[in-house]
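See below for the structure under consideration.
Any read-out appearing in this document is the output of simple, stated calculations on the displayed coordinates, not a laboratory observation. Predicted model, so just to flag it, every value in this text is computed and none were measured. Note that we place each Cβ from the backbone using ideal geometry, even for glycine, and neighbour counts take in every protein chain shown.
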Amino acid sequence: MDLKKHIREVPDFPKTGILFYDITTLLRDPAGLAATIEQLAAPFSGKGIDVVIGIESRGFILGAPVAERLGAGFIPIRKPGKLPAETRTESYNLEYGQDALQIHADAVDNGQCVLIVDDVLATGGTAAAAAALVQSLGGDLHALAFLIELKGLDGRAKLGGQNIFSVLQY
Ligand code: AMP
């Protein structure tokens, strides 16, 4: 099935000049949802992934079913102030200003094999911060998987030598 046909492209959201890839139109379609999870998880089947990490908030929607399919656990990385126990924080630069992500300090065990999942790889700042959090806890980052990769923004450059997989490229 052609997943791109189900993704709605919304110009000038959330601000002028951004073409927003809206996956809600893909996820509402039962076959689209099933194919999305299948294609995100397939390359990692049998690779010994212990935990899948989803980045708030669309990474939660995709990451939890991928984890279940791989027989792995699921861990959320969240915006600051949302996680209740002790956290680690990583700040990163946005186009204007800074943002940060947090993970529970005891979420990843030393040496656990980790897969990070998010919907879109754009500039790579978000994913690089998530990768830094995993590594600060001693996790073994196997790969980062995205439904959509925006090639022109070269997010891969921010992710160094990491193993990166994307289902769809624009
Ligand atoms: P970045 O840190 O630039 O790689 O941005 C990645 C995050 O922003 C992802 O979590 C996406 O959900 C979101 N994002 C960035 N650009 C877009 C876009 N054009 N359409 C939809 N989501 C986007």
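General remarks:
- Length gained on full extension, Tyr96 to Lys15: 27.9 nm, using 0.36 nm per residue less the C-alpha separation.
- Each Lys and Arg adds +1 at its Cβ and each Asp and Glu adds -1 at its Cβ; summed about the Cα centre, region 69-113 shows a dipole of about 200 debye.
- In this structure, the residue pairs whose Cα-Cα separation is over 29 Å, taken from Lys82/Lys151; Lys5/Lys79; Lys4/Lys158, are Lys82/Lys151; Lys5/Lys79.
- Cβ charges +1 (Lys, Arg) and -1 (Asp, Glu), total dipole of region 45-169, debye: 180
- Rough spin-label spacing in nm, given labels placed 7 Å along Cα→Cβ, for Ala85 and Asn110: 1.8
- What the phi angles of region 51-64 give under the Karplus curve with 6.51, -1.76 and 1.60, with θ = phi - 60°, is a coupling list of 9, 9, 10, x, 9, 3, 10, 6, x, 6, 4, 8, x, 5 Hz, glycine and proline written as x.
- Helices in the chain, meaning DSSP H runs of at least 4 residues, each add -39500 (n - 2.57). Divided by all residues, the mean residue ellipticity at 222 nm is -7500 deg cm²/dmol.
- Alpha-carbon gyration tensor eigenvalues x 5, square-rooted, for region 45-169, Å: 20, 18, 13
- The phi-based Karplus calculation (6.51 cos²θ - 1.76 cosθ + 1.60; θ = phi - 60°) puts the 3J(HN,Hα) values of region 101-117 at 10, 10, 9, 5, 4, 9, 6, 10, 7, 3, x, 5, 8, 10, 10, 9, 10 Hz, whole numbers, x for Gly and Pro.
- Across region 45-169, the relative contact order, built from alpha-carbon pairs under 8 Å that are at least six residues apart, equals 23 percent.
- Amide H within-cut-off set for Ile53, under 5 Å, with H built and near neighbours excluded: Ile75, Leu115, Ile116, Val117
- Backbone HN-Hα couplings from phi across region 155-170 [Karplus 6.51/-1.76/1.60, Hz, Gly and Pro as x]: x, 4, 4, 6, 9, x, x, 5, 7, 10, 10, 9, 6, 10, 10, 10
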